[in-house]
Structures are given as structure tokens and as C-alpha cells.
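Notes to accompany the following structure.
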Amino acid sequence: MHSWTDTLRFAFQPVVNLATGGVTALEVLARPESGDILAEARRDPELDGRLAVSALRAAARAERLLPLHVNVFAATLADLGGLGPLQDAVREARRMPSEVTLDIVPPFTHVPRQALLEAVTVLRGQGFRISADGVGDGDLPLRLLTDLAPDLVKLDSSLLARPAAVRAMRTLCEHTGALLAVEGVETERQYAVALSAGAQLAQGDLFAPPARLPATDVYVPPRSPEVVTAPRSGPSVREFLRPAALLPACASAGEVRALLTGSPDVSGVLLVDPSGVPVRSVHRSRFLLRMSSRYGHALYADRPAAKLGDPPRTVGIDATAWEVLDVVAVGGRDRTSDDVAVVDRHGRCVGVVRLADLVRALAESRIEEAARLNPLTRLPGSEAITSEVDRRIAAGRTFTLSWLDIDHFKQVNDGAGFAAGDQLIRSVGQALQRAATGSTRVGHIGGDDFLVLADPDRLDSLVAAVLDAPWSADGLSVTLSLATVVCGAGSVSGHQQAAACLAPLKKTAKALHGASWVLGRAGRTGHEIRRGAPAATAQAG
């Protein structure tokens, strides 16, 4: 009698990092030559568990160092309470659990919720990474998705027809600390939509179809100049993760040499303890130079590779690209090309970032930012401020949004001339910049109008810096008007609503005499007049 393993083969599909264009992992896919083993596995948790183990062993035979994605039904995890045999298979393959992402696939209906969450907790404690698969075309409730707290959310490509949904999921992922991927990308149009909507990873036939032999060279379409990635406060290292080449801390120099000579794309090896925590970093060029020196192989081949390594440079998974540059800047110049290990909250390596990827991305972001600056004040426009407003709303932060302008500015231009008017606008912008501290953001939205986004405790000092200063243009005295709306957590749904709350306050401030400041609160009626007086009262006095 033939076993189901006799007709089962596995294929590998690359998971592509959209920021770097590199392959970040391989998904292992079961491909039965006859029968419907996957339908049987859906009904039989034990069979599904054996399929996951077989997928891992097939990947081990392929001798690739890339991290792996292995599919498992949600019901399997809930029924078995975890996957003990899979952990044994990981050890047999001399891999780390952190190199394996379990793609939890639907259906979720009728799966015991608590049992599933407990199984995921066990697997995460063992070091496995968790992915929620088929989101958008399956039956995964949003509440369960957030309770699972996956490291990765995989969207069905059908959602690319609804970019707003993809952008909303990106915002949710940023809030929960997950990466966002899109599966089934088949056209360059879909790729462009995924990129502009904020997806960080993707897979599909466009890049490389599933194949018996793992592919590391994939097709990535050139970026169109009009493609703008989803707004974010600063590039996260999550967007630049590359697979790490890992070996046990006890590995010999000979084992490291074999890995490096067999994998020319690997720039370095991390030696990790049994938990996956980096303990030494071996740089490719420096290591091979020592090994190729006279007597180098004889001296080092059987000795621990750790003796030829350096202390690892690490950053947390929530670090920004700028923080990575700070880490790279510390120490000797000979280590500036070293990979930086990215670790989770337990200190376990989840990948590496390369300096070249970060420098390229940061340079591009600076060019894009410069193109959006107002040429008069060199301040960003309204788009940068409103995008940051949306991020703070999504993060549940309380903030203040203020609008500032120069009173009777047309009279300034008519009386003092356009050059004096331009200089006045520049001076106000410079004063706002100097007063902006911490997370305060200043934008010039055109003409004599400015937007200021600040935390409530930063507001008074900024107001004093601009409203208490004497302003003039070519000897003509000038006053400023300021309107502020305080937005508490949950009080507004987006920057459009915040702007709508600000509009009547702006009108009130402009109706006051002299330097004025009106403050209101989103979701509440009424306002405070903190500076200025009603025009009728001023005339009567």
C-alpha cells in the first residue's frame, strides 16, 4: 500500500522584501501528485502536523539558509496544543525556531479561541514566529487577529482592489508591531498598489512562482517615480530585514568557512546561543582573509569560530534606521560594513540589516522630503503634518493641532512690498522652528498660514515664543492669530475631522483684536479666548 508521502512533493516560493528587493524567506508549499491530502489534513490535525514536519525536512534537504514559512491550520494548533514534533525537526535540521514562521491558515470558524491562543503562546515561547495567513479573504475575526498578535499579517491579493483596506491594515500592523505582506501578486499593477499602500513584503508569480528548487533570484519591477510609500514617522528596521546566517556559538571556523564559501551572498555569520541570542559576529571579508593567510587554515579550521569574531552589534525590532546608524557609528571604522543584528524583546535574532540598504532608503526619503518643502521657509507642507496627525490618532495619543497666520497680511504686502512680506513669513517660520522641541512638528501650508502639531505640555512655550514677540514688516507693526484644537484619544477619527474642529476656532481668532489665541477641544462645544479681545470691546476701550 502506498503511503501519502509517496505522492507528496514540496515547492518553494520566495517571500520578497519590497524595500530591498531581496528574498527574505521561503514558503514551503505541499504539492500532492494525486489525491487531496490538504483537504484530509484540514480534517485531521495529526496529519496536518506531520505535513508541517515533512515540509521542514524537505526544506532542510534543499540546503538553503533562508528562513522558512510553514503552513498549519488553525484547528490543528488548537487541537494539538502546539507542534512538539516540529521542534524536534528544527533541531534535526540544525535550524533555530526563530528561523521558522508558522503561517496559521483559515478556517477559524468553530476553532476554540482560547485553545488556539494558548497553543500560539507555547510556540512563541519556543521561539517560533507567527503569521496570520489569508487575511481579507478568510474568516479571521479582527478581535482574534489582534489577540494573536502575529509577527506578520499576510493579506490576500484581492484586497489590492481596495487600497484603503490595505492602508488601514498597515496602520493596525504598525500599532501592534507586525509586518504586512501581500500574497498572490501576479501583475506589476498589483505590485505598485501593494507598495504604495504600505505593504512591506510580498510573494506571488510576478516575483517567482513556486518551484521544486528554491529560487533566490527574483524579478522585482522597477519603482515608478509616482509611487509613494505609506507615510511613517521614520523608517523602521523591520522594512530592511534580511535573513541572518546563523550557526551555533560552538561552531568551528571550518563550518563557518564552508557556509561562506557555499553562499557568496552571505556577508557575515552570527553565532547564537541555544535560544537564538547572538553572541559573536563573524564578518565575511575579515574572516576569510585570516583563514586564507599562510597557515591560517591549519591554525583555525578546527578551533571555535568565535575566536575570529567580534561582539555583535544589535538593535531592537522597534528601532528606526537612524538608530541603526548610531550603532554603526560606534567603534572602529573597520566594522562599518558589518551587518547589524535585529533582535526581538527576548534578545533573539530575527534578521540582519545592511548599512547600504539603510543609506539608500534614507537618501531617497530625504530627496522626497526636500521636494515637498516650501521654497520660502524650507518647512514641510500640510501633507507631512496631516500624515503625522493620522499616526498619532492611530497610536491613541493626545495632541494639539494649531493654525497660525499673520493678521491683515494683504495690507502688509500692499504697504511694505512683497519682499518685506516674504521676509516676515520666513521670520515667523524660523521662530516656530526654534520653538519646536521634542515631537513638535511645524508645517507651512502656503501664503502666511502655518500648522503646528504638538503635545499639550509643549504648547505654552511655543505660543509665548511667537505671540509675545514684536513683529513688523518694514516698520509696519504686525500681529498674529492662533487657533488650537486639543484632540484627546478617540476624539477624532482622522486629520480631516481634526481640521474641521479647527476651522471655527480659526474664524473666532481672526475676529479678535491684536495678537490672539483661541483654544477648543475636539468633541466639546465652546472655546477659550486665551489672548486677544473682541473687536467691539477693543474699540470701546
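The values are calculated or read from the model by the stated rules, or taken from the named source; none is laboratory data. Predicted, not measured: the structure shown is a model, and the values here were computed from it. Every residue, glycine as well, gets a Cβ built from its backbone with ideal geometry; the counts of neighbours run over all protein chains shown.
Looking only at segment 175-196, filter to residues that are under 15 Å from Gly136 (Cα atoms) and surrounded by 21 or more Cβ atoms within 10 Å (Cβ to Cβ); which one of those is farthest from the chain's Cα centre (by Cα)? Step through it out loud before you land on a result.
Going residue by residue through segment 175-196, those that are under 15 Å from Gly136 (Cα atoms) are 180-185, 194.
In the following step, the residues that additionally are surrounded by 21 or more Cβ atoms within 10 Å (Cβ to Cβ) were identified as 180-183, 185, 194.
Numbers: Leu180: 8, Ala181: 11, Val182: 14, Glu183: 18, Val185: 20, Ala194: 14 Å.
The qualifying residue farthest from the chain's Cα centre (by Cα) is Val185.
Does segment 63-77 contain any residue that is closer than 30 Å to Leu271 by Cβ, free of Cβ contacts under 8 Å to residues at least 60 places away in the same chain, charged (D, E, K, R) and surrounded by fewer than 16 Cβ atoms within 10 Å (Cβ to Cβ)? Yes: one or more hits.
Taking Ala208 as the residue in question, decide whether it is within 21 Å of Asp318 (Cα to Cα), touching a strand residue (DSSP E or B) at 6+ places or on another chain (Cβ under 6 Å) and buried (at least 16 other Cβ atoms within 10 Å of the Cβ). Spelling it out, it is not the case that Ala208 is within 21 Å of Asp318 (Cα to Cα), touching a strand residue (DSSP E or B) at 6+ places or on another chain (Cβ under 6 Å) and buried (at least 16 other Cβ atoms within 10 Å of the Cβ).
Considering only segment 73-88, I want to know if a residue exists there that is more than 26 Å from Gly347 (Cα to Cα) and part of a strand (DSSP E or B). Let's see the steps before the verdict.
Going residue by residue through segment 73-88, those that are more than 26 Å from Gly347 (Cα to Cα) are 73-76, 78-80.
Going one step further and asking which of them are part of a strand (DSSP E or B), we end up with 73.
Yes, because at least one residue in segment 73-88 is more than 26 Å from Gly347 (Cα to Cα) and part of a strand (DSSP E or B).
Residues in segment 249-272 that are assigned to a loop (DSSP other than H, G, I, E, B), out of contact with any helix residue (DSSP H, G or I) (no Cβ under 8 Å at 6 or more places or on another chain) and surrounded by 14 or more Cβ atoms within 10 Å (Cβ to Cβ): Ser263 alone. Please determine whether any residue of segment 158-181 is assigned to a loop (DSSP other than H, G, I, E, B), in contact with a Gly (Cβ under 7 Å, 6 or more places away or on another chain) and not assigned by TED's automatic domain parsing to the domain that holds Asp390. Taking every residue of segment 158-181 in turn, none turns out to be assigned to a loop (DSSP other than H, G, I, E, B), in contact with a Gly (Cβ under 7 Å, 6 or more places away or on another chain) and not assigned by TED's automatic domain parsing to the domain that holds Asp390. Here Asp48 passes the criteria (1) crowded, with 22+ Cβ neighbours inside 10 Å; (2) within 31 Å of the chain's Cα centre (by Cα) except the one numbered (2).
Residue by residue, here is whether (1) in a helix (DSSP H, G or I); (2) surrounded by 13 or more Cβ atoms within 10 Å (Cβ to Cβ); (3) on the phi < 0 side of the Ramachandran plot; (4) not hydrophobic (A, V, I, L, M, F, W, C) holds:
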site	(1), (2), (3), (4)
Arg286	yes, yes, yes, yes
Leu289	yes, no, yes, no
Arg294	no, no, yes, yes
His297	yes, yes, yes, yes
Asp302	no, no, yes, yes
Lys307	yes, no, yes, yes
Pro312	no, yes, yes, yes
Asp318	no, yes, yes, yes
Glu323	yes, yes, yes, yes
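Taking each residue of segment 19-41 that is assigned by TED's automatic domain parsing to the domain that holds Ala202 and looking for partners that are surrounded by fewer than 14 Cβ atoms within 10 Å (Cβ to Cβ) and among the hydroxyl-bearing types (Ser, Thr, Tyr) with beta-carbon atoms closer than 6 Å, six or more apart or interchain, yields Pro32/Thr7; Glu33/Thr7; Ser34/Thr7.
In segment 303-323, of all residues being of a type in the set (Asp, Glu) and at pLDDT below 90, the one that is nearest to Cys173 (Cα to Cα) corresponds to Asp318. Evaluating Met96 against the criteria (1) crowded, with 22+ Cβ neighbours inside 10 Å; (2) modelled with pLDDT of 90 or more leaves one unmet condition, (2). For segment 122-133, filtering for residues that are surrounded by 19 or more Cβ atoms within 10 Å (Cβ to Cβ) and either assigned to a helix (DSSP H, G or I) or among the small types (Gly, Ala, Ser) (or both) leaves 5.
For the condition within 29 Å of Val492 (Cα to Cα), surrounded by fewer than 21 Cβ atoms within 10 Å (Cβ to Cβ), modelled with pLDDT of 85 or more and in contact with a Lys or Arg (Cβ under 9 Å, 6 or more places away or on another chain), what is the one hit in Asp449, Asp405?
Result of the check over Asp449, Asp405: Asp405.
Any residue at all in segment 139-157 that is surrounded by 18 or more Cβ atoms within 10 Å (Cβ to Cβ), in a loop (DSSP other than H, G, I, E, B) and touching a Pro at 6+ places or on another chain (Cβ under 7 Å)? Checked against the condition, which is being surrounded by 18 or more Cβ atoms within 10 Å (Cβ to Cβ), in a loop (DSSP other than H, G, I, E, B) and touching a Pro at 6+ places or on another chain (Cβ under 7 Å), segment 139-157 yields at least one hit. Working only within segment 479-494, note down all residues that are at pLDDT 90 or above and touching an Asp or Glu at 6+ places or on another chain (Cβ under 8 Å). Correct list: Thr479, Leu480, Ser481. For segment 527-536, the criterion of being in a helix (DSSP H, G or I), more than 23 Å from Arg392 (Cβ to Cβ) and without any contact (Cβ under 8 Å) to a residue 24 or more places away in the chain is met by at least one residue. In segment 214-241, the residues that are in the same structural domain as Gly177 (by TED's automatic domain parsing) form Cβ pairs under 8 Å with partners that are modelled with pLDDT under 80 and of a type outside the set (S, T, N, Q), at six or more places apart or across chains, as follows: Pro214/Ala62; Pro214/Arg64; Thr216/Arg64.
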